[in-house]
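Take a look at the structure set out below.
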Amino acid sequence: MRLDFSRITQQQNVYYLTPEDAGFSQYYLAVREKEQRILTDPEVRKLPYLERDEWPYRIKSTERFLSYISKKTETLHMLTIGCGNGWFSNKIAEVSSKNEVIGLDVNRDELEQAARIFKTKNLHFVYADIFNVSDMFEAKFDIITLNGAIQYFKDFKELMTLLTSFLTPNGEIHIIDSPFYATDEIPAAKQRTQEYYESIGVPEMTKNYVHHDKKLVADFDILYTYKRNIIHKILGKKESPFSWYRFIKK
Ligand SMILES: C[S@@+](CC[C@H](N)C(=O)[O-])C[C@H]1O[C@@H](n2cnc3c(N)ncnc32)[C@H](O)[C@@H]1O
């Protein structure tokens, strides 16, 4: 069932399901600015086919996911959590105009950029605290994606329980392009993260970046996993170093 946006407050084509709270996004955007990773509109339009930063490593993971959903014959209602500037939500929406895609985030700047650039009928961008939208989202989505976003959610299990309640029967959650760590790797990874955010002058971001344990996804299907391939290395082929995880609601 399509969501009804007619009575929802909107500004600059972004729909506000919950009141804005700039707590997290002020630090997130400060980091992106320091890293010079806030992209211009023309750059966002090209994603993921951009020759800078991590983008060459994200092409194949994007293409794999698009190929996966394009094989599904039913109409899909999809939610992309942490959609940022909207490029991935748009790619998904382009797969079929029958599908409905909602890109959700908590950073107004990139949501407004997303809504400015990608104006497709089957794509809406929403601002929402995901933990306060259950009435509207309950049992609504066939596919939920977290692409490069799970590391910003503190409680993995709490989030998965909530997102499972948003799924239709046999609905799926996909986690793409995010790191999970072996238990014994976590202390050192935390230390590196803290030193990094301190070095760029945004120490507040340390508590907003989570190093999730691989054990949390032990029961998920792994649809892709990175394998070192010396031939690919020699040929300069670029691949995501992260696994692609899927959970299916039974
Ligand atoms: C690294 S970006 C990824 C953007 C995009 N999905 C991509 O793959 O390029 C992470 C995004 O997650 C968003 N985010 C972090 N915490 C969030 C939350 N609690 N709810 C929704 N979005 C969140 C951030 O604002 C940011 O836009």
Tell me which of these Arg116 doesn't satisfy, since it passes every other one: (1) farther than 21 Å from Thr62 by Cβ; (2) out of contact with any strand residue (DSSP E or B) (no Cβ under 7 Å at 6 or more places or on another chain); (3) loosely packed, with under 14 Cβ neighbours inside 10 Å. (3)
Which one is surrounded by the fewest Cβ atoms within 10 Å (Cβ to Cβ), of the residues in the stretch 67-90 that are near the ligand (Cβ under 10 Å from one of its atoms) and either in a loop (DSSP other than H, G, I, E, B) or not polar (S, T, N, Q) (or both)? Gly82
Just give me the residues in the stretch 137-183 being touching an Asp or Glu at 6+ places or on another chain (Cβ under 6 Å) and on the phi > 0 side of the Ramachandran plot, in sequence order. Gly148
Would you point out the residue of the stretch 172-225, among those that are closer than 16 Å to Arg246 by Cα and touching a His at 6+ places or on another chain (Cβ under 9 Å), that is nearest to the ligand (Cβ to nearest atom)? Ser178
Between residues in the stretch 27-49 that are free of Cβ contacts under 8 Å to residues at least 40 places away in the same chain and residues that are in a loop (DSSP other than H, G, I, E, B) and of a type in the set (A, V, I, L, M, F, W, C), which pairs lie under 7 Å by C-beta distance while being six or more apart or on different chains? Arg32/Ile38; Glu43/Leu50
Scan the stretch 102-124 for residues that are part of a strand (DSSP E or B) and either more than 27 Å from Lys157 (Cα to Cα) or over 13 Å from the mean Cα position of the chain (by Cα) (or both) and jot them down. Leu123, His124
Unique match (being away from the ligand (no atom under 11 Å from the Cβ) and surrounded by 14 or more Cβ atoms within 10 Å (Cβ to Cβ)) among Tyr57, Tyr28, Tyr49: Tyr57
Check off (1) surrounded by 13 or more Cβ atoms within 10 Å (Cβ to Cβ); (2) on the phi > 0 side of the Ramachandran plot for Ile38 and give me the number that stays unchecked. (2)
So Leu159 clears everything in (1) closer than 29 Å to Asp219 by Cα; (2) away from the ligand (no atom under 13 Å from the Cβ) except one condition, right? Which one? (2)
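Computed from the coordinates by the stated procedures, all read-outs in this text should not be read as laboratory data. All figures in this text were calculated on a predicted structure; none of them were measured in a lab. Cβ: placed from backbone, ideal geometry, glycine included. Neighbour counts: every protein chain shown.
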